[in-house]
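The values are calculated or read from the model by the stated rules, or taken from the named source; none is laboratory data. For clarity, every value in this text was computed on a predicted model and none was experimentally measured. Every residue, glycine among them, receives a Cβ derived from its backbone with ideal geometry; neighbour counts consider all protein chains shown. Remember, those area values only see protein heavy atoms, side chains included, never the ligands or the DNA or RNA. Shrake-Rupley method; radii C 1.70, N 1.55, O 1.52, S 1.80 Å.
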Amino acid sequence: MKNVTSFLMALILLACQTNQKTVQPKTPVTGALGESAMVSSAHPLATKVGVDILKNGGNAFDAAIAVQFALAVVFPRAGNIGGGGFALYRMNDGSIGSLDFREKAPSASSRDMYLDESGEIVPNLSVRGHLAAGVPGSVDGMFQLHEKFGTRPMAELIQPAINLAYYGYVLTEDAAYQLNQKSEDLAVVNGDDFFLVKEDGWRAGDSIKYTELASTLVQIRDRGASGFYGGIVADQITKEMQRGGGLISKQDLLNYSSKWRTPVTGSYRGHKIISMPPPSSGGVAVLQLLQGAEGFDISSMGHNTKETIHILTELERRVYADRATHLGDPDFYDVPVDMLLDKAYNNKRFASIKKNAKTDSQEIKEGKVDVIESVETTHFSVVDPDGNAVAITTTLNSFFGCKVYVRGAGFFLNNEMDDFSSKPGVPNQFGLVGGEANAIVPEKRMLSSMTPTIVEKDAKLKMVVGTPGGSTIITSVFQTIMNVIDHGMSMQEAVNAKRIHSQWLPDVIIAEKEGVQKAVLNQLENMGHVIRFRDSMGRMDCILVREDGKLEGGADYTRGDNYAEGY
Ligand code: GLY
């Protein structure tokens, strides 16, 4: 009997050591299903706006534009008209493209604007307050998308946002929590009497109206992009700049223009991967990571096992080191995209990875980094009944951007200037370091990690993927693609699955709580890895075209209010 017990104990121990796959959430394993169209976004009201536009005959671009404006109202911490973003699309005929509506540095900006007299970074200057804001691109981006692909009148696409702002909507628990979390910063920048700061805090169920924002949206509806970049709204923005020592001028607003760019493409186990080119670092980095992962049998290695986490971390530390050195705005810096995506280059780059030993990040390249901050930005995905797909990631950078609420105009400005490298080797709020490629230059776009991505299989649409999360966007997109392709997960399971992240510096693995089993944790630590836990990482909004032809929305409802709906 004793022998049987010992044998059983040994079996259990062995099972614990060899079958270390993370337990995935059991229900639901399938996200929202649709026969012909799907929208997935950070907020149910924004998703519904997109679905209504599609049902009324709008295409994926019309729906995406309407969702962008709706998110500026119902998800004001990241949805925006005062920020910027990237749109990636794939038409049903297979043609692809992308629009860069990233913010730009004001013309009065300068390389050392966030440094003091002794050359040290002034804390918070690039993060909070007027000086942190770049010239917003979102409104121009929506009008450029509409001019090229829109089929419904722009007024019809903006009206739902106007209605939400004017008549108000009810706060979710998450929305109330986020407002309360940032209330101190909001009060410092906008005054104690700022209407979004409540002494006893916001609660789920409170309703909120943005009447000034409604007026601004009416200007945009009636006057087009110049209703934002000129006229009364431009006056309000520049007055706000004068009030707080910001740099955005009327000329900066008039000069702003989004830019059509050719996506970067690559392959992964028989799939075509289409993603955002620079000034996003995300597309290049995800393609590099997938090239590296293809050299390993990730499926057999299992999800979040010691082997998989170790290999992903080793790939990530090399790719993020490349990011820091080589990536920036291609209009100002000669970004070596072809080299970074070259198979021979990456094979050489990844050849030093050892299966059983960690590489120290300092051995790869020098740098000095401390903290990584929270999960911000927002992403949404749309597929229309004709099979056109749009993926948009859009941001104010930090939640509520630089916290400056443009008086009279009713919206937050971004703090995207922090995405520049203020000083080579010194980390920004996401712990990311950079150098010359991403130095501040007037009218340059700051490097981004936003990674809207589309996956094709056999020349057909397979997946639309994206998430917020600052520096963790790239690794969340990377893992979600592998979750479906290598681990056979449904879209919802792939989104639900616990994520890990590493970014060269700091030399640590960040894991979501309960994302790594104790035994795996011990093994990784024995290899020298340092693991830190975080409550949550990313908030994906993705769409999968299933084998049976149905669309499955994967919305990150376990981490946020994210919501997918199809029909
Ligand atoms: N502001 C976050 C990013 O663009 O990566």
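The set of residues in the stretch 486-513 being open to solvent by 10 Å² or more (accessible area, probe 1.4 Å) and basic (K, R) consists of K498, K513. Quick check on my filter: what residues within the stretch 185-202 are acidic (D, E) and either over 25 Å from the mean Cα position of the chain (by Cα) or open to solvent by less than 40 Å² (accessible area, probe 1.4 Å) (or both)? Residues satisfying the conditions are D192, D193, E199, D200.
Residues of the stretch 129-166 that are within 24 Å of D100 (Cβ to Cβ) and either of a type in the set (S, T, Y) or surrounded by fewer than 18 Cβ atoms within 10 Å (Cβ to Cβ) (or both): S138, E147, K148, T151. P424 meets each of the listed conditions (1) touching a residue at least 24 places away in the same chain (Cβ under 8 Å); (2) away from the ligand (no atom under 16 Å from the Cβ) apart from (1). Within the stretch 399-421, work out how many residues are farther than 12 Å from N80 by Cβ and near the ligand (Cβ under 10 Å from one of its atoms). Result for the stretch 399-421: 2. Of the listed requirements (1) assigned to a strand (DSSP E or B); (2) in contact with a helix residue (DSSP H, G or I) (Cβ under 8 Å, 6 or more places away or on another chain), S381 misses just one: (2). The helices (runs of 4 or more DSSP H) found wholly in the stretch 241-306 and carrying at least 3 residues that are within 16 Å of the ligand (Cβ to nearest atom) occupy 282-293.
For residues that are more than 16 Å from the ligand (Cβ to nearest atom) and at pLDDT 95 or above, scanning just the stretch 102-113, find the one that is nearest to G83 (Cα to Cα). The qualifying residue nearest to G83 (Cα to Cα) is P106. Summed over the stretch 112-144, residues that are more than 18 Å from T238 (Cα to Cα), part of a helix (DSSP H, G or I) and not polar (S, T, N, Q) total 3. For the stretch 455-481, which residues satisfy the criterion of being among the hydroxyl-bearing types (S, T, Y), within 12 Å of the ligand (Cβ to nearest atom) and touching an Asp or Glu at 6+ places or on another chain (Cβ under 8 Å)? Within the stretch 455-481, T467 is the sole residue that qualifies.
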